[in-house]
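Heads up: the structure comes next, in structure tokens.
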Amino acid sequence: MTFDPGADGRVRLPLGSLDAVVFDTETTGLDPKSARIIEIGAVRLRSGQIDANDSFSVLLNPGIPIPASSTGIHGISDSDVTNAPGFPSAVSAFTEWAGPSPVLGFSIGYDLAVLEAECARHDMVWSAPISIDVQTLVKILGVDLPDLSLETIAARYGIAIEGRHRSVPDALLTARVFTALVPELRAHGIRTFAETERACRSLERRQGDVVGLQSNRTGASRGRVSLDSFLYRHRIGDLMRSPPIVLPAGARLTEAVSLMAENGVGSVIIAPGSGDDPAPGPGPVEVGGLKILTERDVLRAIHESGGQALEKPVDALSPCPLITVAIKEFAYRAMSLMSAKGVRHVGVVGDGGRLAGILSARDSLTHQADDGIILGREIDESVSAGDLGRVWSGLTTVVGALSEEGVDPRRISAIISRELRALTGRATALAEAEAATAAEIDSPPARYTMMVLGSGGRGESLLAMDQDNAIIFDDRETGGTVDRWCESLGCRVADILDEVGVRYCDGGVMARNPEWRMNRQEWRRQTRDWIARTRPQDLMNADIFFDAMGVHGDLDLAESLRIDAMGMARQAKPFLRRLASNAAEIPSPFGWLGRLKLDRGRVDLKKAGLLPVFSAARVVALEFGIRSRSTAERLRAFGECGVVPGPLINDLVAAHGILLGAILRQQLSDLQVGLPLSNSVAVNELEGHDRQQLIWALERVPSVIDVMRVPATI
């Protein structure tokens, strides 16, 4: 008998989003070597919640008399199991029902030992499942209890006890205890499946306890999944057809068919207008009111009306409204949108908000995109924090696969940031729906925008992230109804994100706090104050804010505020000089004889490398009015100004990518063994080439001073 461990994508899965089976056995005795199983019962957890409608229960005929002492505990007698199946068929039914889910139990080592002994007795193959012992989790928390029995622990959490010593009620009680433990474990820094595994192993080493989390996985079996990275490597602008073919609504179908054939495309865009109106000329066109006519529409029209359809105006054929996507969006997100909407073509909107091209499912998108579709679509369609946590954990699988394929770390960090923004936006939508239900209103009381700040807005998030978000709302009253509504919303969003795995910000940069939740007038006054005072905290807050991006609500509120803030900063020469001075304060990672200074074998690459580079890029972007968000784009745009040597910019961009990649690979490695994620890299564990690259990159970092010397004359 073997459990199916399934694909190992659980390393970053929050415990509160876990899909698992909680099971218990009743036996003929207490010695696992000789005891026989007489009952197996289980309940299922879905996204961390108990599914009361999905349980498993079976009695087994042990083939020996059940001792009276055992019957006195669980109430199962020989007569109850006379016609019950034997162990082989019963346990096969259980493992089929359990599937690839990890299993949970209370003092689960005993149950697994009995199962293993029974398998040996019946000449069945045994392979241990991935398992968590709930009792061990209580030990990890160090809860002060007179004993560690299931009854005592349940009482501590106020959980009612019903039907003890039968397998299904015991499994249900264990499941309830587990769900009660999750928030406490999260408060102790144990959030994910891998962190739980590490904590259980650590407790075993310290106390010699029975293993609390068991696994039949080897290090090799925990490798990355295979992933076609094409859709993650390319933006939509790389793949679209441009310019779009546009016809007025009154044009005849025969003209549309001719244009499709001549240009080898499967669709044309229909713009408002009569047959006498000329089609818009080449180049981007206004998006409002556009529709799309596809090959399928043509075939359907000819099927219904024959050749007469060719003389009909295209608008009479009921073309569908055009669904659009931004030109800088990732291709996997376009595939996700097409899948969700059931379409094969989307319009591509350029930076100016005008239609710049068309992307079809055939435009170099023949590659498999299942992971991309799932990643994008399931975040957007999640209906609870548990759902979001389960989907969010899958991002690690995608990131690991892209890293294995050698995808540029800057591209990977942009994907992480894209999904962090999507996650925050979806969490806001869920919180908004909850708030609307509680207040019995159909919509928010005013226009507002949830913004993601810092690296998430800049597009450079890695896996060790916390929350950086803020709200801007359209209302003049401070502390009024709208402000209180946004406060409630911000608090709920912060809680959802923390449950999912994006931790509360240690610095308090969250919309739940009033200094990061203001109306438009207050935000403008605040940014003016940051720029004018130039205190260290003001500089830090301004730094974070200049990378802001709206993710839910009225996005124009956020973007107009950011543009205004950048304009104010560009005119504030003392502020820019102070930003440049801060960026130039680079703690050298090198010590005696040029060797890297290590702290417990690691070096913090954010402090020693990333921070000076992205801070310098932000300084020159503000000085030269560069609206790009990412560090590489800002540096390249600055390089095009011709005020510093091109090789200097190229080296900094390359160094930035090397530093990102080194941190990302270390985080992926740490995830596998349950280590807390950070920006520090174990340098001595790097292979020769990787170590040399890292040292080269760190040696380039001080050149940010040369970059900022040019605008420092301002």
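The values are calculated or read from the model by the stated rules, or taken from the named source; none is laboratory data. A quick note: this is a predicted structure, and the numbers were derived from the prediction, not measured. Methodologically, a virtual Cβ is constructed for each residue, glycine included, from the backbone with ideal geometry; neighbour enumeration extends over all protein chains shown. Keep in mind that these areas ignore ligands, DNA and RNA; they rest on the heavy atoms of the full protein, side chains included. Shrake-Rupley method; radii C 1.70, N 1.55, O 1.52, S 1.80 Å.
Before moving on, here are some points about what is shown:
- Taking the criterion of being open to solvent by less than 50 Å² (accessible area, probe 1.4 Å) and over 15 Å from the mean Cα position of the chain (by Cα), the residues of the range 475-493 that qualify are Asp475, Gly479, Gly480, Val482, Asp483, Trp485, Cys486, Leu489, Gly490, Cys491.
- Filter result for Arg426 (out of contact with any Cys (no Cβ under 6 Å at 6 or more places or on another chain) and part of a loop (DSSP other than H, G, I, E, B)): no
- Filtered residues of the range 667-684 (kept if on the phi < 0 side of the Ramachandran plot, in contact (Cβ under 8 Å) with a residue 24 or more places away in the chain and either touching an Asp or Glu at 6+ places or on another chain (Cβ under 7 Å) or assigned to a helix (DSSP H, G or I) (or both)): Gln667, Leu668, Leu671, Gln672, Val673, Leu677, Asn679, Ser680, Val683, Asn684
- Within the range 455-474, restricting attention to residues that are of a type in the set (Gly, Ala, Ser), out of contact with any Gly (no Cβ under 9 Å at 6 or more places or on another chain) and part of a loop (DSSP other than H, G, I, E, B), the residue that is least open to solvent (accessible area, probe 1.4 Å) is Gly459.
- Residue satisfying all of: in the range 557-589; in contact with an Asp or Glu (Cβ under 8 Å, 6 or more places away or on another chain) and hydrophobic (A, V, I, L, M, F, W, C); farthest from Ile626 (Cα to Cα) among these: Leu557
- Enumeration of residues in the range 300-326 that are among the basic types (Lys, Arg) and under 46 Å from the mean Cα position of the chain (by Cα): Arg300
- If you filter the range 429-454 down to residues that are open to solvent by 40 Å² or more (accessible area, probe 1.4 Å), in a helix (DSSP H, G or I) and small (Gly, Ala, Ser), you find that the one that is farthest from Ala385 (Cα to Cα) is Ala439.
- Residues (open to solvent by less than 50 Å² (accessible area, probe 1.4 Å) and under 11 Å from Leu253 (Cα atoms)) located in the range 295-326: Asp297, Val298, Ala301, Ala309, Val314, Leu317
- Candidates are the residues of the range 685-714 that are assigned to a loop (DSSP other than H, G, I, E, B) and over 24 Å from Met465 (Cβ atoms); the one that is modelled with the lowest pLDDT is Ile714.
- Residue within the range 100-111 that is within 20 Å of Phe56 (Cβ to Cβ), out of contact with any Leu (no Cβ under 9 Å at 6 or more places or on another chain) and polar (S, T, N, Q) present: no
- Verdict on Asp506 being among the acidic types (Asp, Glu), surrounded by fewer than 20 Cβ atoms within 10 Å (Cβ to Cβ), without any contact (Cβ under 8 Å) to a residue 60 or more places away in the chain and under 30 Å from Leu15 (Cβ atoms): yes
- Candidates Ser127, Ser131, filtered to the one that is closer than 30 Å to Gly189 by Cα and either of a type in the set (S, T, N, Q) or at pLDDT 90 or above (or both): Ser131
- The set of residues in the range 515-567 that are open to solvent by less than 20 Å² (accessible area, probe 1.4 Å), farther than 23 Å from Glu585 by Cα, assigned to a helix (DSSP H, G or I) and of a type in the set (A, V, I, L, M) comprises Leu557, Ala558, Leu561, Ala565.
Let's see how each residue does on (1) in a helix (DSSP H, G or I); (2) touching a strand residue (DSSP E or B) at 6+ places or on another chain (Cβ under 9 Å); (3) more than 30 Å from Glu499 (Cα to Cα):
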{"site": "Ala52", "(1), (2), (3)": "no, yes, no"}
{"site": "Asn61", "(1), (2), (3)": "no, yes, yes"}
{"site": "Pro85", "(1), (2), (3)": "no, yes, yes"}
{"site": "Ala93", "(1), (2), (3)": "yes, yes, yes"}
{"site": "Ser101", "(1), (2), (3)": "no, yes, no"}
{"site": "Asp111", "(1), (2), (3)": "yes, yes, yes"}
{"site": "Ala117", "(1), (2), (3)": "yes, no, yes"}
